[in-house]
Amino acid sequence: MDKAILGRLLKNVPIFEDVDFPLDDIVKRMTLKSFEKDQDIFKEGEACNGLYIIIIGKVLIYSTSAKGRDQAEWTLGQTGFFGEKSFWDGGKRPVGARALEKTIASCLERENFIDYLNDNPLMAIMIIESLGRKLRRLSEDAGKELVSGDSHKAHVKRGKNKQAGRALEGEAKNCLSLSETLEKRLEEVDVFSEETEQATAQKKLCIEDMLYNKKVTCQVCDSTFETPKVRSRYIRVKKIDNDFCKHYETINPLYYEIAVCPVCGFAFDEDASNVRVRSEQKERARSILSDIWRGHSLKDYRGERSLEQAIETFLLAVLAMDDKQIKSSKKAMVFLKVAWLYRYKEDEANEQKYIEKAASLLEHAYETENFADKRSEINIPFLLGVLNVRLNKYQGAGKWLERVIRHPANVALPMVLDRARELWGEVRQKLREEC
């Protein structure tokens, strides 16, 4: 079975929708289950046993009346998903689910998912962040961006995966007579045709459809304006570099991270928008902005942005950070993101320049700042090790990576620890070659 396609179907479940992390390892833990016509998949009030995605067939979601009669709520077909409401807290099922015909579904059992989160705490953090973003959008957009998989609106999601569902149906029907070996058979056969993959690749969405406008207030001139943001459902991570730079399949949300005031030209990110700015800081910012825009027309960054425009917004934010109140760790991450943008542009000279600045600030932050989250004591040395490797400073890289490997709390971040050990081996080889 093509796990990449199943991963995309899993992305339709709201909690996974905007998690910027590959779901391959979760998909590997899913199992295929077969249900006969009129067989209960689970009953109302039962303990949660998993989250389901329909491969073929139809499922009735029903509730039980006070008189003990079944009442139909809605019906789901191919690529529909159900069971997620009680999946997250392990509570009792609020409704029942029954197969209306021969049905095959891929199941992510809650116990397997909890084991995965225990091994991958980074995913747990991303899910918490995803929940936070959804709560924010719920208040801003009156729920327009939040679509429940357990509602009658589930057919909206199914439309996106029509061709994938047809490919699944064709393979599953061929296997119905071999139900005892169904799981093994589907694991061995590529049920998604090249035609389906090509059709998916050819489906290009307009950039404007991927964006929405968010109201923000400039901290310097107090003007309220709208800045573009990427809708979370269009964010698809293709790969992640060692320094956490993400490469995306379609649209890059980093292009739209910085808001630029169209009135005074002040540039800031979402974190900075929540920080109160004192009057003397505003005056300092106005002086900086006056120098920046002297002799230049104020640009409007409120629409679709190119890579070059994204770089401009970050450079404006860098200049606006000329304030001793801003922590070195915060400045370092902005510089690092500038380096990522130049990496997308394949401008190695400027990428190295900003990596150097980010590394210097991160080192200062590690020595002077107090981190409430002890994991930062592991993540920052790891990042410094990676950045030093990118700068070909292998002695420095070895020093920081060794701190990760020797840190007493490194077991809390097993993926970081494993990558640090692997990278340390590469650094040692480089050091031997230099001797």
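Too long at a 30 Å Cα-Cα cut-off: which of Lys33/Lys92; Lys337/Lys374; Lys229/Lys327; Lys229/Lys353; Lys246/Lys327; Lys28/Lys345? From the list (Lys33/Lys92; Lys337/Lys374; Lys229/Lys327; Lys229/Lys353; Lys246/Lys327; Lys28/Lys345), the Cα-Cα distance tops 30 Å for Lys28/Lys345.
Across the range 394-412, the residues whose backbone nitrogen lies under 16 Å from the label position 7 Å along the beta-carbon direction of Glu426 are 394-402. With the simple model of a label 7 Å out from the Cα in the direction of the Cβ, Glu44 to Ala412 spans 4.4 nm. List, in the order given, every pair from Lys85/Lys215; Lys330/Lys430; Lys399/Lys430; Lys214/Lys238; Lys282/Lys330; Lys85/Lys214 whose Cα-Cα distance in the structure shown is over 21 Å. As for pairs spanning more than 21 Å Cα to Cα, those are Lys85/Lys215; Lys330/Lys430; Lys214/Lys238; Lys85/Lys214. Between Leu100 and Ser306, the FRET efficiency estimated from the beta carbon spacing at R0 = 41 angstrom works out to 0.25.
Take the Cα pairs of the range 20-139, get the Kirkwood Rh, then feed it into Stokes-Einstein at 4 °C and 1.567 mPa s and tell me D in µm²/s.
Value of D from the Cα-based Kirkwood radius: 84 µm²/s.
Annotation: peptides 411-417, 334-340, 66-72, ranked by per-residue average of other Cβ atoms within 10 Å with the highest first, follow the order 334-340, 411-417, 66-72.
Between Lys246 and Cys221, what is 0.36 nm times their sequence separation minus the Cα-Cα distance? Round to one decimal in nm.
5.7 nm
What FRET efficiency comes out for Asp291 versus Glu369 if R0 is 35 angstrom and r is the Cβ-Cβ distance? Round to the nearest 0.05.
Details: r = 29 Å, r/R0 = 0.83.
According to the calculation, E is roughly 0.75.
Using the Karplus relation 6.51 cos²θ - 1.76 cosθ + 1.60 with θ = phi - 60°, the per-residue 3J(HN,Hα) values for the range 93-98 come to 5, x, 9, x, 9, 9 Hz, with x marking Gly and Pro.
Between Ile125 and Lys67, the C-beta separation translates, for a Förster distance of 45 Å, into a calculated FRET efficiency of about 0.45. Applied to the range 365-381, the Karplus parametrisation 6.51 cos²θ - 1.76 cosθ + 1.60 on θ = phi - 60° returns per-residue 3J(HN,Hα) values of 5, 5, 7, 10, 9, 9, 9, 5, 8, 5, 5, 4, 5, 9, 5, 5, x Hz, with x for Gly and Pro.
Read the figures in this text as sums done on the coordinates, not as results from a lab. As the structure is a computational prediction, the values presented were derived from the model and not from experiment. Note that each Cβ is placed from the backbone with ideal geometry, even for glycine, and that neighbours are counted across all protein chains shown.
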